[in-house]
Amino acid sequence: MSFQERMRRTLERAPQEQAIEFGGVWWRWGDVRATALSVTEALDDADVAPNATVAWIARNRPHHLAALFGLLAAGRSVVVVSPFQSADRIAEQIDRLRAPAVVADAEDWEATQIADAVRRTEGLGLALGGGPGGAAAVLARGDRRGAAGDGRAASEQTLTLLTSGTTGPSKRIALPVRAVEAAAEDCDLLEAEGHDPGAPRAPFISGYPLTNIGGIYYAMPTGLLGRPMALLEKFAVEPWVEAVERHRPGLLWLPPAAIRMLLEAGVPRSALAGARALRYGAAPLDDDTRERFEETYGIPVLSQYGATEFAGTVVAWTLADHRRFGAAKRGSIGRARPGIGLRVVDSDTGTELPCGVCGRLEVMVPRVGPGWMSTNDLAAIDDDGFVFLQGRADDAINRGGFKVLPEDVADVLRRHPAVADAAVVGLPDARLGQVPAAAVELRPSATPPDIGALQAFARERLIAYQVPVRIIVVPALPRTPSLKVDRPAVRRLFAPAKRAAAPSRSD
């Protein structure tokens with residue numbers, strides 16, 4: 001059975017079966033199907049070419065998932081646009097994508113820049129909203145009927161996602177739906193560990209954003225397998241705990257920042273009763289937090305590792321491995337998932353290294369394609385196949401699972417008329433792991449800009465998680481003898497912040 005056939009079969013499930021819970025209200029499969037059909041029929045009525053790639057401004061709302069399921073079931077390719085940026089940035093991306101159709105929330109269409117961009121590119125704008133089963137409404141329309149959009153007619157159906165280190169449209173990964181399908185099946189296998197065989201599964205609870213691979217990875221088993229899920233618009237302790245207490249899932253999935261938030265909130269042990277394990281990914285979790293969680297709740301914490309390029313998880317702990325190796329392999333991120341190849345190579349020569357030797361991690365992911373894919377992670381693999389991460393080969397900042405590339409942020413700051421140069425580094429953060437901070441050097445004779453104005457300048461041009469939490473102005477950036485910016489010295493410039501009041505955050 002093809003991917004599209006499986007999606008259509010799910011949409012045709014019994015209309016009264018539970019599909020997606022949101023805000024305490026269930027969308028039944030009949031509701032999901034009605035919204036999905038309203039989207040695909042609107043595209044067909046407007047003569048949007050069947051192989052045209054549709055842009056989707058993705059929000060964690062049930063009508064958005066219904067639209068995605070409908071588009072994929074109809075064989076259409078989809079490119080994700082993040083809503084977590086200014087309307088001007090979204091409009092710029094629509095201009096670049098030139099998609100013949102844009103599907104967005106009614107809330108997003110309140111920004112005239114977005115509707116103007118759709119008309120400018122002669123596309124079709126569809127608004128999502130309303131309660132269960134709500135229909136999509138046409139809000140913007142150009143004259144480009146039957147167009148596939150700027151050479152983006154898909155010969156193979158794809159779902160194009162933003163990588164966690166993206167600065168916008170230049171960092172998109174087009175995943176073939178076969179990869180999305182295989183990843184969803186693997187996710188379902190991992191999730192099944194928390195349930196008794198043959199017993200009804202509790203709904204999967206997710207607050208991961210649908211803009212990235214995490215949100216899609218956890219949502220696609222619903223579209224492909226009909227597994228019910230409880231969708232959160234974003235993670236917050238109280239609604240997540242309420243959902244857990246209501247559904248009693250056997251397996252919990254959270255990013256490290258959320259694990260820390262549960263501990264800080266003092267959530268009682270009884271609230272998580274029934275859970276066999278908690279899985280985390282997207283960012284490292286320090287040993288102290290892991291141990292505190294396991295001692296507080298009596299639940300083992302299992303790591304997993306993946307990326308957009310891999311269409312999801314490629315390395316993970318299983319419950320069986322934890323029972324057998326948990327103490328002996330402390331600090332490992334787990335072993336390769338079925339069918340996944342792993343190796344460690346010398347960063348300079350590309351030569352494969354023996355077990356236990358640290359080098360650059362490479363991954364082979366058949367669901368995506370042949371060949372080895374290089375990562376920026378340094379790792380060692382032991383004789384039992386367990387992977388131990390040992391840092392990164394680049395300077396990427398991991399902000400709660402979102403990777404921020406320092407040079408991309410610095411480049412934006414350099415565009416300010418008063419800034420001659422900028423350097424961005426990651427600072428430790430108890431909740432998010434790391435946060436970006438920037439030091440800027442001014443142009444000669446430039447009037448020192450207000451720090452708030454500099455942050456506003458950055459916020460208008462970056463995604464929210466990329467905006468530095470602190471910006472300082474220095475007479476000159478510290479440099480090495482070869483005149484390169486000395487990053488350790490830049491990081492030391494922020495040392496006094498540890499003794500100062502906590503800076504305001506943009507997240």
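Is it true that some residue in the stretch 238-250 is touching a Gly at 6+ places or on another chain (Cβ under 6 Å) and among the hydrophobic types (A, V, I, L, M, F, W, C)? No: zero hits.
Does Ala430 satisfy the condition of being at pLDDT below 90, of a type in the set (A, V, I, L, M) and open to solvent by 60 Å² or more (accessible area, probe 1.4 Å)? Spelling it out, Ala430 is indeed at pLDDT below 90, of a type in the set (A, V, I, L, M) and open to solvent by 60 Å² or more (accessible area, probe 1.4 Å). Return a yes/no flag: does the stretch 193-207 have any residue that is more than 23 Å from Arg33 (Cβ to Cβ), open to solvent by 30 Å² or more (accessible area, probe 1.4 Å) and touching a strand residue (DSSP E or B) at 6+ places or on another chain (Cβ under 8 Å). Yes. Among the residues of the stretch 1-58, those that are among the polar types (S, T, N, Q) and either open to solvent by 10 Å² or more (accessible area, probe 1.4 Å) or over 13 Å from Pro132 (Cβ atoms) (or both) comprise Ser2, Gln4, Thr10, Gln16, Gln18, Ser38, Thr40, Asn51, Thr53. Among residues of the stretch 8-30 that are within 14 Å of Pro62 (Cβ to Cβ), those with a beta-carbon under 7 Å from a residue that is among the acidic types (Asp, Glu) at least six positions away or on a different chain give the pairs Arg28/Glu17; Trp29/Glu17. Scanning the stretch 224-235 for residues that are outside any loop (DSSP other than H, G, I, E, B) and farther than 15 Å from Arg61 by Cβ yields Leu224, Leu225. Just one of the listed residues (Thr313, Thr296, Thr318) is open to solvent by less than 20 Å² (accessible area, probe 1.4 Å), hydroxyl-bearing (Ser, Thr, Tyr) and in contact with a helix residue (DSSP H, G or I) (Cβ under 9 Å, 6 or more places away or on another chain), namely Thr313. Considering the stretch 25-69, the residues that are assigned to a loop (DSSP other than H, G, I, E, B) and in contact with a Ser or Thr (Cβ under 9 Å, 6 or more places away or on another chain) include one that is nearest to Val81 (Cα to Cα), namely Ala58. The single condition from (1) at pLDDT 90 or above; (2) outside any loop (DSSP other than H, G, I, E, B) that Met261 fails is (1).
What about Pro284, is it open to solvent by 20 Å² or more (accessible area, probe 1.4 Å), modelled with pLDDT of 95 or more, assigned to a loop (DSSP other than H, G, I, E, B) and touching a helix residue (DSSP H, G or I) at 6+ places or on another chain (Cβ under 9 Å)? The answer is no for Pro284.
Residues are listed down the side, and each one gets a yes or a no for (1) within 30 Å of Ala438 (Cα to Cα); (2) assigned to a strand (DSSP E or B); (3) charged (D, E, K, R):
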{"site": "Gly350", "(1), (2), (3)": "no, no, no"}
{"site": "Leu361", "(1), (2), (3)": "yes, yes, no"}
{"site": "Pro370", "(1), (2), (3)": "no, no, no"}
{"site": "Leu378", "(1), (2), (3)": "yes, yes, no"}
{"site": "Asp384", "(1), (2), (3)": "no, no, yes"}
{"site": "Gly391", "(1), (2), (3)": "yes, yes, no"}
{"site": "Asn398", "(1), (2), (3)": "yes, yes, no"}
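Of the residues Ala307, Ala265, the single one that is aliphatic (A, V, I, L, M) and within 30 Å of Ala174 (Cβ to Cβ) is Ala307. The residue pairs whose first member lies in the stretch 288-317 and is without any contact (Cβ under 8 Å) to a residue 60 or more places away in the chain and assigned to a strand (DSSP E or B), whose second member is of a type in the set (Phe, Trp, Tyr) and open to solvent by 10 Å² or more (accessible area, probe 1.4 Å), and whose beta carbons are closer than 7 Å, counting only pairs six or more residues apart or on different chains, are Val301/Tyr280; Leu302/Trp317; Ser303/Tyr280; Ser303/Trp317; Val314/Tyr305. One residue stands out among those in the stretch 465-500 that are assigned to a helix (DSSP H, G or I) and surrounded by fewer than 15 Cβ atoms within 10 Å (Cβ to Cβ): the one that is modelled with the highest pLDDT, which is Arg492. Considering (1) more than 19 Å from the chain's Cα centre (by Cα); (2) assigned to a loop (DSSP other than H, G, I, E, B); (3) buried (at least 20 other Cβ atoms within 10 Å of the Cβ), the lone condition that Leu210 does not fulfil carries the number (1).
The values are calculated or read from the model by the stated rules, or taken from the named source; none is laboratory data. Not measured: the values here are computed from a predicted model. Glycine also receives a Cβ, built like all others from the backbone with ideal geometry; neighbour counts cover every protein chain displayed. Heads up: the accessible areas ignore ligands, DNA and RNA and are worked out on the full protein's heavy atoms, side chains in. Shrake-Rupley method; radii C 1.70, N 1.55, O 1.52, S 1.80 Å.
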